[in-house]
Amino acid sequence: MKNIIWIMVIFLVSCTYMPGSIIDIDKTPERGFRSIRPAESWEESLVAGNGIMGALVMGYPFSDTITVSHSLLYMPIKEPLTPVNQGEHLDHIRSMMLEGDFGDASQFVVDLSHREGWGGKRWTDPIIPAFDLVIGMGHDTTEEYARTTNFLTGEAAVKWRTPEGVFERTTFVSRSENVIVTRIISDGSPVSGRFGLAPRHRESWWGGIDRREGTGIDEVIIATEENCITYRSSFQNRWDGLIEGYEGALKVTSRGGDIDYGQDEIIVKGADEIILLTRVEPSYDYNSSRTGEIIASLANINPDYENLLESHRHIHGELFSRSSLDIGGGSERKSLPVEELLGDNSGGVDPALVELQFDAARYNIISSTGINPPNLQGIWSGTLTPPWSGDFTLNGNVPVAVSSMLCANMPEMMLPLFDMLERHMDDFRLNAEKLYNAGGIHVPSRMSSHGLNNHFDAIWPMTFWTAGAGWYSMFYYDYYLHTGDMEFLTGRALPFMEEAVAFYEDFLITGQDGKYMFVPSYSPENNPGNIPYQACINATMDVMVARQLLRNIIEASELTGLNSDRAEKWQAMLDKMPAYDLNERGELREWIWPGMEENHSHRHVSQLYALFDIMDPEFRDKPELTEGARKVINEKMRYRREADGGIMSFGMVQLAFAAAMIGEADACYDMLGWLSRNFWFNNMVSTHDPGHIFNLDLSGGFPAVIVKMLAYSEPGLVKLFPALPEGLPEGKIEGVLLRGNIRVNKLEWDHTRVSIELQSGLDQGFLLDMPAIIDEIEYTGGRVSENGDPSSRWVEVEAGENVNMDIMLRSAVYE
């Protein structure tokens, strides 16, 4: 009997490692992609992450690099300073601006900072890589090669064939164990390798202690213990509350084979399987090393790859699989190498590529959201000097990066944004006090390691941007609108909104016409066509944000039964807001101030803010405003068409948001094509500009553009296909979350036929608005009734009730 059992075991093991039985180089993951060349730079590396740590996998067969990062690893470069005392001189600054001296007003603040000892423009602290996990596996002839990312499991894999056999190296970052896991196997040949940790830029590193003058890094100490390599690095600058350095460790285990040690490396020979476990942690007290704790924590992890992967997939995969898109791309085309898909220059919208990017975008955002929301680079960095510090650019980039979290059915992914903001509330209060003599909070344009408004200059007068707290109040309130979480509304959203309103109560001044004036003001990065300065008065965006905040806080207070003694004051503030304005061509103006001309040849679209998320009722009630916005969209599209889409993906995303809101389907289709063709690397990470700059903005915005083309919602209203172009005549999307706490499990369309499956989180009624006359509707669950409009129906649902509707329209959904 024992012999039979051993024969069975030997047979199973031999099957497990039978050549070709476990490693299929040509196979593309069903939800993922296949690339046929390694990265040419770190920006093309495969990405994996758990929201805390990230891994960049270059993908070379024999000599590979996995760059490890951490979401809190912002290297201190500039000391956090109390904001410049702009508030003490606010009356003077306002006087200059009211007299038209906008450049002088901007320069005054810069000169003031010099008098206060700032010493010039202060950049935000950069996000940097922790170290490289260096892998050496000898040299051989590569007969076949591929690298893949499996979005469902979070695995980044490198596969290759040599005369000796087929090999595979896979990496994922576990959400359950908070560890980077790498496995190396073959189809039966023994696997060997040399493994070490090294500073990201090794050209100045010679081992031992590396003092890297001018980089911000003080020392690097690498040591080898049994089965582990430890890494310690301190920063040259240390300030209260910021990290002083970081520490990490690599643990190497194998099944079979021999383990030996070299100088700062671990050598494995002849193994059946090699498992690498890697972790990095920030250090707030570098003199008290925690490498022993890190080693102990790795020792407590069972290096069983399949078990580790399954526990990670249970969390990551559940998040990812909540939403999907099918617009006819076909599995065969999506299985092509991604280089072939991206290299197709036939123009238009490639359904297979768009479906892949819908998945890739969500994967990138999920993988980089955890402690914080995604920064400009998500959670990853391959350089000590990332563009714009890789920071949280709050005046446009972060809002786009988080824009799909709610609508693509991942509401809990929004919580790290709120956590981050709330960690810095004291800084925001100090900003309001020092910059504006105001109570409440002032959220800066940019931040990373702290929330103080330290980044500005005369060209970019970012201390004049006051819309931050109001804009992020929208996300707080929108979280409630999507989830119906009253505890969140009462305990987190409303307190934040109250502090945002408190700022406006002190900041706003009344003009001669009895209306409020926003002075100073700032429409991010743009200047009037006839004035070469960005400083301004009454930027339309600033007015839109304040209006929205007041509407939302009044509504939220009514819902919670709070602030009854303040609602009248807030309504009076709302009534005093300056009216939106049109120029002589009927275009919505970007600056509501005499003498400021439009400047449409610009990448930002801040004056369309009222159409990004929930339509401002002023636009719903006044068709001339909607028409004015349409004319702005047309001018912005003309500007972008001249450059085949142009630069800065997040600006185009916001333009698409506004276009979808008012039914500009053809413009949305053109932008979807540009965004899909021009703004992705072959690792399926989005870029800031065409083919340039690793950037997560579009990864957040791409799914949101598609959802907004397919559905618009607000409490009591679900509007389907507000901007569906003729180029997408049929398709299906699953897993969309709407305002009103309505989850669309499936929305399917085919010219004149529509099928929708939804579930509400509460008892409610809503208007279902279709793009054409409804000829016939069949449904199960809920109650559907006519309401006098042939293209809409009134729908009543109970909490948790499944509602299925099959609808026949008189004309196609895109007409």
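The values are calculated or read from the model by the stated rules, or taken from the named source; none is laboratory data. Here the structure is a predicted model, which is why all the values come from computation and not from measurement. We place every Cβ from the backbone using ideal geometry, glycine too, and count neighbours over all the protein chains shown. Ligands, DNA and RNA are stripped out before the accessible areas are found, and what is left, the full protein with its side chains, is counted by its heavy atoms. Shrake-Rupley method; radii C 1.70, N 1.55, O 1.52, S 1.80 Å.
Condition check for I23 on (1) among the aliphatic types (A, V, I, L, M); (2) within 13 Å of N682 (Cβ to Cβ); (3) in a loop (DSSP other than H, G, I, E, B): one failure, at (2). Where helices (runs of 4 or more DSSP H) sit wholly within the stretch 529-628, those with at least 2 residues that are among the basic types (K, R) and at pLDDT 95 or above occupy 540-560.
For the structure I just gave you, tell me whether R743 is out of contact with any helix residue (DSSP H, G or I) (no Cβ under 8 Å at 6 or more places or on another chain), surrounded by fewer than 23 Cβ atoms within 10 Å (Cβ to Cβ) and within 30 Å of L376 (Cα to Cα). Working first, answer last.
Details: out of contact with any helix residue (DSSP H, G or I) (no Cβ under 8 Å at 6 or more places or on another chain): yes; surrounded by fewer than 23 Cβ atoms within 10 Å (Cβ to Cβ): yes; within 30 Å of L376 (Cα to Cα): yes.
Against the criterion (out of contact with any helix residue (DSSP H, G or I) (no Cβ under 8 Å at 6 or more places or on another chain), surrounded by fewer than 23 Cβ atoms within 10 Å (Cβ to Cβ) and within 30 Å of L376 (Cα to Cα)), R743 qualifies.
Scanning the stretch 686-709 for residues that are under 16 Å from H482 (Cβ atoms) and in contact with a strand residue (DSSP E or B) (Cβ under 7 Å, 6 or more places away or on another chain) turns up just one, V707.
Out of the residues in the stretch 272-315 that are of a type in the set (S, T, N, Q) and in contact with a strand residue (DSSP E or B) (Cβ under 6 Å, 6 or more places away or on another chain), state the one that is farthest from I184 (Cα to Cα).
Within the stretch 272-315, the subset of a type in the set (S, T, N, Q) is 278, 283, 287-289, 291, 297, 300, 302, 307, 311.
Add one more test, that the residue is in contact with a strand residue (DSSP E or B) (Cβ under 6 Å, 6 or more places away or on another chain), and what stays is 278, 283, 291.
On the way: T278: 14, S283: 31, T291: 25 Å.
The selected residue is S283.
Of all positions in the stretch 605-620, at least one carries a residue that is free of Cβ contacts under 8 Å to residues at least 12 places away in the same chain and charged (D, E, K, R). Of everything listed in (1) modelled with pLDDT under 95; (2) within 18 Å of L435 (Cα to Cα); (3) surrounded by 15 or more Cβ atoms within 10 Å (Cβ to Cβ), the single unmet condition for D140 is (2). Candidates are the residues of the stretch 629-656 that are among the hydrophobic types (A, V, I, L, M, F, W, C) and over 26 Å from the mean Cα position of the chain (by Cα); the one that is farthest from R677 (Cα to Cα) is A629. Residues in the stretch 599-624 that are open to solvent by 10 Å² or more (accessible area, probe 1.4 Å), under 27 Å from S649 (Cβ atoms) and either over 30 Å from the mean Cα position of the chain (by Cα) or of a type in the set (V, I, T) (or both): I614 alone. Going through (1) in a loop (DSSP other than H, G, I, E, B); (2) open to solvent by less than 10 Å² (accessible area, probe 1.4 Å) one by one, I633 falls short only on (1). Residue pairs whose Cβ atoms lie under 7 Å apart, sitting 6 or more positions apart in sequence or on different chains, and linking a residue in the stretch 585-598 that is basic (K, R) to a partner that is in a loop (DSSP other than H, G, I, E, B), are R589/D581; R589/N583; R589/E598. Can you tell me which residue within the stretch 346-364, out of those that are assigned to a loop (DSSP other than H, G, I, E, B) and touching a residue at least 12 places away in the same chain (Cβ under 8 Å), is surrounded by the most Cβ atoms within 10 Å (Cβ to Cβ)? In this case the residue turns out to be D350.
Yes/no per residue for (1) under 26 Å from K159 (Cα atoms); (2) modelled with pLDDT of 50 or more:
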site	(1), (2)
G193	yes, yes
L197	yes, yes
R200	yes, yes
W205	no, no
G208	no, no
R211	no, no
I222	no, yes
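Does any residue of the stretch 263-283 turn out to be crowded, with 16+ Cβ neighbours inside 10 Å and either farther than 30 Å from E306 by Cα or without any contact (Cβ under 8 Å) to a residue 40 or more places away in the chain (or both)?
Taking the stretch 263-283 first, the residues crowded, with 16+ Cβ neighbours inside 10 Å are 264-268, 271-283.
Right, trim to either farther than 30 Å from E306 by Cα or without any contact (Cβ under 8 Å) to a residue 40 or more places away in the chain (or both) and you get 283.
Looking through the stretch 263-283, at least one residue is crowded, with 16+ Cβ neighbours inside 10 Å and either farther than 30 Å from E306 by Cα or without any contact (Cβ under 8 Å) to a residue 40 or more places away in the chain (or both).
Just one of the numbered conditions (1) assigned to a helix (DSSP H, G or I); (2) in contact with a strand residue (DSSP E or B) (Cβ under 7 Å, 6 or more places away or on another chain) is not true of G328: (1). Candidates in the stretch 105-137 are the residues that are part of a loop (DSSP other than H, G, I, E, B) and touching a strand residue (DSSP E or B) at 6+ places or on another chain (Cβ under 7 Å); of these, the one that is most open to solvent (accessible area, probe 1.4 Å) is M137. The condition of being in a helix (DSSP H, G or I) and farther than 30 Å from N364 by Cα holds for only one of F503, F488, F475, that being F503.
Can you pull out every residue in the stretch 509-524 that is buried (at least 19 other Cβ atoms within 10 Å of the Cβ) and either assigned to a loop (DSSP other than H, G, I, E, B) or among the small types (G, A, S) (or both)?
Our first condition is that a residue be buried (at least 19 other Cβ atoms within 10 Å of the Cβ); within the stretch 509-524, this holds for 516-524.
F518, V519, P520, S521, S523, P524, listed by residue number.
Within the stretch 680-726, the residues that satisfy the criterion of being within 28 Å of E796 (Cα to Cα), part of a strand (DSSP E or B) and out of contact with any Asp or Glu (no Cβ under 8 Å at 6 or more places or on another chain) are A711, Y712, S713, E714. Output the qualifying pairs, or none if there are none: Cβ atoms under 8 angstrom, residues six or more apart or on different chains, first residue in the stretch 86-109 and modelled with pLDDT of 95 or more, second residue loosely packed, with under 14 Cβ neighbours inside 10 Å. What qualifies is R94/I509; G100/G595; G103/P532; F108/H92. The criterion of at least 2 residues that are in contact (Cβ under 8 Å) with a residue 12 or more places away in the chain and of a type in the set (V, I, T) is met by the following strands (runs of 3 or more DSSP E) wholly inside the stretch 744-815: 753-760, 774-780, 792-797, 802-809. A residue that is surrounded by fewer than 18 Cβ atoms within 10 Å (Cβ to Cβ), out of contact with any His (no Cβ under 9 Å at 6 or more places or on another chain) and within 30 Å of V110 (Cα to Cα) cannot be found anywhere in the stretch 482-498. On the stretch given as the stretch 435-473, residues that are farther than 21 Å from D104 by Cβ and charged (D, E, K, R) total 1.
For the stretch 304-325, filtered to residues that are part of a helix (DSSP H, G or I) and of a type in the set (A, V, I, L, M), the residue that is surrounded by the fewest Cβ atoms within 10 Å (Cβ to Cβ) is I315.
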